[in-house]
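Each remark here refers to the structure printed beneath this line.
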Amino acid sequence: MDVPKPRILTARWGIPGSHTLAVAQEHGAYTALRKALTMAPADITAVVKASGLRGRGGAGFPTGTKWTFVPPEEKRGGKPVYLVCNADESEPGTFKDRYCIWNDPHMLIEGCVIAARAIGAKVAYIYLRGEFKYVKDRLDQALAEARAAGLVGKNILGSGVDVDVWTHQGAGAYICGEETALLSSLEGERGQPKLKPPFPAVEGAWRSPTIVNNVETLQAVTWIVEHGADAYKAIGTEKAPGTKLFCCSGNIRKPGVYELPLGYPMMELLNDECGGLLPGRSLKAVIPGGSSVPIMTPAEVARATMDYESINEVSGSYLGSGGFIVMDDRTDLVDALANLLRFYAHESCGQCTPCREGCGWMYSILTRLRDGEATEADIRVLRDLANNIHSRTICFFGASAAMPVQSFLKKFPEEFFARAGVGVPDDWRPAASAK
Amino acid sequence: MAAFPQPPAQGHGPVDWSDQDRAEIAELMTHYPTQRAALLPILWLAQRKWGWLSFDVMRRVAQTVDLPPSEVYSVATFYTMLKKQPTGKYLIQVCHTLSCKLAGADRIVEHIKDRLGIEEGQTTPDGMFTLMRVECLASCGSAPMMQIDDDFFEQLTPESIDRILDGLAKGEPLPLPRPEVDKWTFQSLES
Amino acid sequence: MPIVKINGVEIEVPAGTNMIDAAAKAGFDIPHYCYHPHLSIAGNCRMCTCEIEAGGRGLEIACNMQARDGLAIRTDSPQVKAVRRNVMEFLLKNHPLDCPICDQSGECRLQDYYMEHGQYESRLADPKVGKHKRMDIGDHLVLDAERCIACSRCVRFGDEVTGTGELRLFNRTDHTEIGIFPGERISHAYQGNLADICPVGAITSKDFRFEKRVWYLDETDSVCTGCATGCNIRVCHQQGQVFRYMPRRNDAVNKSWMCDHGRLGWQDIASLRRVLRARIDGKQAELSEGIRAAAAALRGVDASSVAFVLGTRATNEANWALWKVARANLPQAGVYWCQGNDPGAWSQVDDLLMDADKNPNRAGARALADHDAAIGDGTDLAHAVREGKVRMLVVLHDDVLGRLEDAAEGVAVLHLGSQRNTTADKARIVLPATHPTEQDGTFTNRAGRVQRIRRALPAAGDALPDWQLVELLGAALGKGPGARDAATAFKLLAGEVKAFAGMTYKDLGGGGLPLRQPEPLPSPPPAQPAAP
């Protein structure tokens, strides 16, 4: 498509030594921070709010608005404010944050300090998933360099602003990508999501106001502060400004991370950036936003653009984290869904009844179906279980496990019933679409 | 789904930190408003030091952060990367979630099994390698992939696996050369 | 105070009340597993899901919903009923179907709620997850992790009530199970509560396990007499035999808890230390004979050398009656109250429930002494005995001689009590009183709260309620206080003693009332830390 493809987040990727302070600064790092240090915190928030930036972790909530939920100092009862960067990247199909950190750790550090200043935090934590040890090592080196250069820590660049940034390594738990579970884990607990209310912005880490932002979000903040809200809004769509990192995987020629303006046509992402399908293959389905979002049919893919609104309008699915998983005609969708449910059955934190008991149950049924040992009745039970888990739990994990089941069964029922040796029952589709 | 491993009865016997460990722990604790928050970093430290988290190790960690040992066990059993039983010198973890599966993770696992002569969850008789399947490691674009200890190995082929395992068997240290680590787009191995 | 609407019924509740409690106040029972009024909110079982009609939207869990003006919920809509049925189905997915051999049967919330809210065709074709079974986790507890529904009540109890934190959730997913660290055991004195709050058969009591199916048990509300705290209890019994004590909720006294010492207090009902027959000079006698002999003995000495000692283990009714009998029949006699030694009593003390004073009614005896300045205390009594002014002691329950030691050598003792002690053993005349489970009456706890005990069992042997023994003794001396039953005795007491003014058994109800002029004893129970 003939739209500009500005490299906002990936500008320094590929520059040799881009992870070092010297190279990063040579290419513009910390310009935004210097500017932010001259701005009032409320003005930083105002710019981010005006830019229309939406959280890149999956929910797409406006970042600037989220920041305003931190109670004003006089209502905090002396409690500190924390900024937590979610680098727990664990959603199957999503693999952008580790490249962000690996290729440009200073852009994240800069974003953390700016955001911390905006919300009044003196400490920021970057929570990396446990498997990112080698990424964390590089980030720690970058932090050490930044600290030595007075860009992090006390009295940053002589401004009187203090922001410490610490990395924190998880230890293997998908659920810690959920922001309240992440906070539990940061506090040294089991990574179990917390009840809301209270929301983290009011009562988060150590019961203090806490803002949790994704890596990509904070890096976008850096760019926005440097270039202004209008420049950001000039990219992408009206409701979803800016660029997004799309993580493309599955049966495509050129898998990888692509930075594109939001609103980019899905088919062009598939055929141009991703190089299209493998020779002789045809498209069966796409999961557009990480494994938790509903699956899309080829017809839906043809009509959708890569932004929050279009995907939802066209297919009922979500842009999510931008994990774009392509499945060609060889894919056994029963097997694929069983694979995903094994993931959810393995990752449920075990707290809420429906999710704890239901994910394993759904996986169990799917393995039987995959192996040709399930009946039509089992497929109905499977759908019921998904419906009974969705929105019945403390956090969004339950829905995340339910949506693949609901959408696969709704959009590709033939494959599932065929595995049970029957055709799609007459009553199936209306009931499925009722949910 | 396999049951979560229960720690074996045998452990390390009484264990203690070195002065250097204590200094590191003290430094870690300065990062957080509570000493309890340092539990995960300290468990990581303990695992690096003692290889795995036996009950003896968990008891020591519990004393260090002033928690009941049951609490440390509770946390340790929540996170899959914290080892509740010993593994071989190298822990090979092959991702088998959807994108890796689509890219042939099952064949990768089979290849490693054949080569090492072990099943998933087992350790080679020489104690060098333990093989496990794991869920998504956020390397879907460079699938299939595996993690050996702290390092990712991406776009795996039987040949590249053989090279890596040969190297380790010969005593080459991690990290081995990983040409994929600085890339973010890939050519599908199938194309 | 906010006004909320539950199933169309408006009710005003204190701000901060959660909707389970608010609904209960409005007369609607919202089923729940993980919620417990005296523990923090976990919100994990999802059974209390309700539909919001106004002031919000969708389905929310009632336990984490605080009352606010304009909030209206439904607890009985088709959607809510469906959610409950679904939650039940999930809960039973991995729950063993071993009800026939499970000791929780009959008081199991899975069973109860299944009958009320479940009732579906089983759709389970997949295997259940296996977990640890029959784990010995403490002197009083057995854990079956397969039956656990991971509600985390026991974990929160250990964190928030005892602060010992032994029980934890291990693993995650449907392999989540509770347990303790290998090699450790739960050793605190509140273990029984863990079995109580476990809504299923995961944690059961070793002391009660397999002793009796609960549906055979009758229950009588009473008060623990193990110490001055006066925890409210239910006496669970069948055919004259007690099988267990259970704590009964009283937010002003014991919340929902009791200690293990108190919980096993019923074991002294049938103990060898029980006094079952009257004894005169070491020989067993008919009760009527004993009473006559006691009256004769009192008549046979100089009234001014007689000391009546109110009991700290006696009921308020009996103490009042003894005081009345003394004043009416032997006005020159001294009346005292003192705390007796009880060498058999357990000595554990804490700032949760276990009081150093192991007598249930010291505050009651003291309230009488406060009413009649002529009633002396333990020091006065010791002084009088040492000066040789006391030739005969009339003792209610307490081990007064144990306290007076050698000073009381040669003093004749009439002992009215239910348990043997040094005083009873040395007494010339012993009259058998009932155990607190065998009579009605009241005790006044350490905080000055007057609480009822109720008769659950027939009296053992020839024993009579303590107040009644005193009544009969008074009658034999010429004038009893004139109470036909415990309720009348209490009414007369309340009519006379200001601290009890106007109280009746009916007013006391299940939870008791504070003395009118509260005379709190030292070391009241400290406030428990608020649930986080």
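Considering the range C:293-331 alone, what residues qualify as being surrounded by fewer than 18 Cβ atoms within 10 Å (Cβ to Cβ) and among the charged types (D, E, K, R)?
C:Arg299, C:Asp302, C:Arg327
Listed residues B:Ala62, B:Ala46, B:Ala26, B:Ala76; which is among the aliphatic types (A, V, I, L, M) and touching a Pro at 6+ places or on another chain (Cβ under 8 Å)? Explain how you work it out, then say what you get.
Working: B:Ala46 fails: touching a Pro at 6+ places or on another chain (Cβ under 8 Å); B:Ala26 fails: touching a Pro at 6+ places or on another chain (Cβ under 8 Å); B:Ala76 fails: touching a Pro at 6+ places or on another chain (Cβ under 8 Å).
Selected residue: B:Ala62, the only one of B:Ala62, B:Ala46, B:Ala26, B:Ala76 that is among the aliphatic types (A, V, I, L, M) and touching a Pro at 6+ places or on another chain (Cβ under 8 Å).
Since C:Arg420 meets every condition but one in (1) closer than 19 Å to C:Arg313 by Cβ; (2) modelled with pLDDT of 95 or more; (3) surrounded by fewer than 23 Cβ atoms within 10 Å (Cβ to Cβ), which condition does it not meet?
Of (1) closer than 19 Å to C:Arg313 by Cβ; (2) modelled with pLDDT of 95 or more; (3) surrounded by fewer than 23 Cβ atoms within 10 Å (Cβ to Cβ), only one is false for C:Arg420: (2).
Only one of B:Lys101, B:Lys84 is charged (D, E, K, R) and within 8 Å of chain A (Cβ to nearest Cβ). Can you tell me which?
B:Lys101
Quick one: what pairs do we get from the range C:239-262, first residue within 11 Å of C:Val223 (Cα to Cα), second of a type in the set (A, V, I, L, M, F, W, C) and not in a loop (DSSP other than H, G, I, E, B), C-beta under 7 Å, 6+ apart or different chains?
Listed by first residue and then by second, the contacts come to C:Tyr245/C:Ile233; C:Tyr245/C:Val235; C:Tyr245/C:Trp266; C:Met246/C:Ile233; C:Met246/C:Cys236; C:Pro247/C:Ile233; C:Arg248/C:Ile233; C:Met258/C:Ile233.
Condition first: aliphatic (A, V, I, L, M) and either surrounded by fewer than 24 Cβ atoms within 10 Å (Cβ to Cβ) or in a strand (DSSP E or B) (or both). Now tell me which residues in the range C:267-290 satisfy that.
Initial filter on the range C:267-290 (aliphatic (A, V, I, L, M)): C:269-270, C:272, C:275-276, C:278, C:280, C:285, C:287.
Matches in the range C:267-290: C:Ile269, C:Ala270, C:Leu272, C:Leu276, C:Ala278, C:Ile280, C:Ala285, C:Leu287.
Please tell me if A:Ala173 is under 27 Å from A:Tyr99 (Cα atoms) and among the small types (Gly, Ala, Ser).
Considered against the rule, which asks whether it is under 27 Å from A:Tyr99 (Cα atoms) and among the small types (Gly, Ala, Ser), A:Ala173 comes out as yes.
How many of the residues in the range A:306-337 are within 9 Å of another protein chain (Cβ to nearest Cβ), buried (at least 24 other Cβ atoms within 10 Å of the Cβ) and either in a loop (DSSP other than H, G, I, E, B) or under 19 Å from the mean Cα position of the chain (by Cα) (or both)?
The qualifying residues number 3.
Considering only the range C:377-402, state which residues are at negative phi, surrounded by fewer than 20 Cβ atoms within 10 Å (Cβ to Cβ) and not in a helix (DSSP H, G or I).
Looking only at the range C:377-402, we keep the residues that are at negative phi, and these are C:377-387, C:389-396, C:398-402.
Still in the list and also surrounded by fewer than 20 Cβ atoms within 10 Å (Cβ to Cβ): C:377-380, C:383-384, C:386-387, C:389, C:391, C:402.
If the condition is that a residue be at negative phi, surrounded by fewer than 20 Cβ atoms within 10 Å (Cβ to Cβ) and not in a helix (DSSP H, G or I), then C:Asp377, C:Glu387, C:Lys389, C:Arg391 are the ones that fit.
Spot the failing condition for A:Ala205; the list is (1) more than 30 Å from C:Ile41 (Cα to Cα); (2) surrounded by 24 or more Cβ atoms within 10 Å (Cβ to Cβ); (3) not hydroxyl-bearing (Ser, Thr, Tyr), and only one is missed.
(1)
Of the numbered conditions (1) away from every other protein chain (no Cβ under 14 Å); (2) more than 18 Å from the chain's Cα centre (by Cα), B:Ile161 fails exactly one; give the number of that condition.
Every listed condition holds for B:Ile161 apart from (2).
Looking at the range C:43-152, what strands (runs of 3 or more DSSP E) fall wholly within it and have at least 3 residues that are within 14 Å of chain A (Cβ to nearest Cβ)?
Strands (runs of 3 or more DSSP E) meeting the threshold: C:49-54, C:59-61.
Which members of the range B:82-118 meet the condition of being in contact with a strand residue (DSSP E or B) (Cβ under 9 Å, 6 or more places away or on another chain) and among the aliphatic types (A, V, I, L, M)?
Matches in the range B:82-118: B:Leu91, B:Ile92, B:Val94, B:Leu98, B:Leu102, B:Ala103, B:Ala105, B:Ile108, B:Val109, B:Ile112, B:Leu116, B:Ile118.
Of the residues B:Thr130, B:Thr124, which single one is crowded, with 20+ Cβ neighbours inside 10 Å, more than 9 Å from every other protein chain (Cβ to nearest Cβ) and either more than 30 Å from A:Ala338 (Cα to Cα) or of a type outside the set (A, V, I, L, M, F, W, C) (or both)?
Working: B:Thr124 fails: crowded, with 20+ Cβ neighbours inside 10 Å.
Selected residue: B:Thr130, the only one of B:Thr130, B:Thr124 that is crowded, with 20+ Cβ neighbours inside 10 Å, more than 9 Å from every other protein chain (Cβ to nearest Cβ) and either more than 30 Å from A:Ala338 (Cα to Cα) or of a type outside the set (A, V, I, L, M, F, W, C) (or both).
Taking the condition free of Cβ contacts under 8 Å to residues at least 60 places away in the same chain and among the aliphatic types (A, V, I, L, M), does A:Ala386 pass?
yes
Go through the range A:270-288 and report how many residues are in contact (Cβ under 8 Å) with a residue 12 or more places away in the chain, within 9 Å of chain B (Cβ to nearest Cβ) and either of a type in the set (Lys, Arg) or surrounded by fewer than 20 Cβ atoms within 10 Å (Cβ to Cβ) (or both).
Final tally of qualifying residues: 2.
Only one residue in A:Lys35, A:Lys96, A:Lys49, A:Lys133 is within 14 Å of another protein chain (Cβ to nearest Cβ), of a type in the set (D, E, K, R) and more than 16 Å from the chain's Cα centre (by Cα). Which one?
A:Lys133
From A:Ala399, A:Ala386, which residue is under 30 Å from A:Glu238 (Cα atoms) and within 14 Å of chain C (Cβ to nearest Cβ)?
On the way: A:Ala386 fails: under 30 Å from A:Glu238 (Cα atoms).
Result: A:Ala399 is the single residue among A:Ala399, A:Ala386 that is under 30 Å from A:Glu238 (Cα atoms) and within 14 Å of chain C (Cβ to nearest Cβ).
Is it the case that some residue within the range A:253-269 is among the hydroxyl-bearing types (Ser, Thr, Tyr), within 14 Å of chain B (Cβ to nearest Cβ), assigned to a strand (DSSP E or B) and under 19 Å from the mean Cα position of the chain (by Cα)?
Within the range A:253-269 (the criterion being among the hydroxyl-bearing types (Ser, Thr, Tyr), within 14 Å of chain B (Cβ to nearest Cβ), assigned to a strand (DSSP E or B) and under 19 Å from the mean Cα position of the chain (by Cα)), the answer is yes, since at least one residue qualifies.
Has the range C:68-81 got at least one residue that is in contact with a helix residue (DSSP H, G or I) (Cβ under 9 Å, 6 or more places away or on another chain), in contact (Cβ under 8 Å) with a residue 12 or more places away in the chain and within 27 Å of C:Leu169 (Cα to Cα)?
No: zero hits.
How many of the residues making up the range C:231-274 are at pLDDT below 95 and in contact with a Pro (Cβ under 6 Å, 6 or more places away or on another chain)?
Looking only at that region, the number is 1.
Scan the range B:44-72 residue by residue and report those that are within 14 Å of chain C (Cβ to nearest Cβ) and either free of Cβ contacts under 8 Å to residues at least 24 places away in the same chain or in contact with a Phe, Trp or Tyr (Cβ under 6 Å, 6 or more places away or on another chain) (or both).
Within the range B:44-72, B:Val57, B:Met58, B:Arg59, B:Val61, B:Ala62, B:Gln63, B:Pro68, B:Pro69, B:Ser70, B:Glu71 qualify.
Among the helices (runs of 4 or more DSSP H) lying completely within the range A:96-155, list those that include at least 1 residues that are polar (S, T, N, Q) and out of contact with any Cys (no Cβ under 8 Å at 6 or more places or on another chain).
Filter on the range A:96-155 gives A:97-103, A:133-148.
When the residues of the range B:60-88 are filtered to those that are of a type in the set (Lys, Arg) and not assigned by TED's automatic domain parsing to the domain that holds B:Met29, which remaining residue is farthest from A:Gly290 (Cα to Cα)?
Ranking the qualifying residues of the range B:60-88, first place goes to B:Lys84.
In this structure, is B:Pro33 at the interface with another protein chain (Cβ under 10 Å from one of its Cβ atoms), modelled with pLDDT under 95 and on the phi < 0 side of the Ramachandran plot?
no
If you check B:Asp166, B:Asp150, which single one turns out to be surrounded by fewer than 17 Cβ atoms within 10 Å (Cβ to Cβ) and not assigned by TED's automatic domain parsing to the domain that holds B:Trp44? Can you show your working first?
Working: B:Asp150 fails: surrounded by fewer than 17 Cβ atoms within 10 Å (Cβ to Cβ).
Residue meeting the stated conditions: B:Asp166.
The values are calculated or read from the model by the stated rules, or taken from the named source; none is laboratory data. Because the structure is a prediction, the values reported are computed rather than measured. Neighbour counts are summed over all protein chains in view; Cβ atoms, including those assigned to glycine, are modelled from backbone coordinates with ideal geometry.
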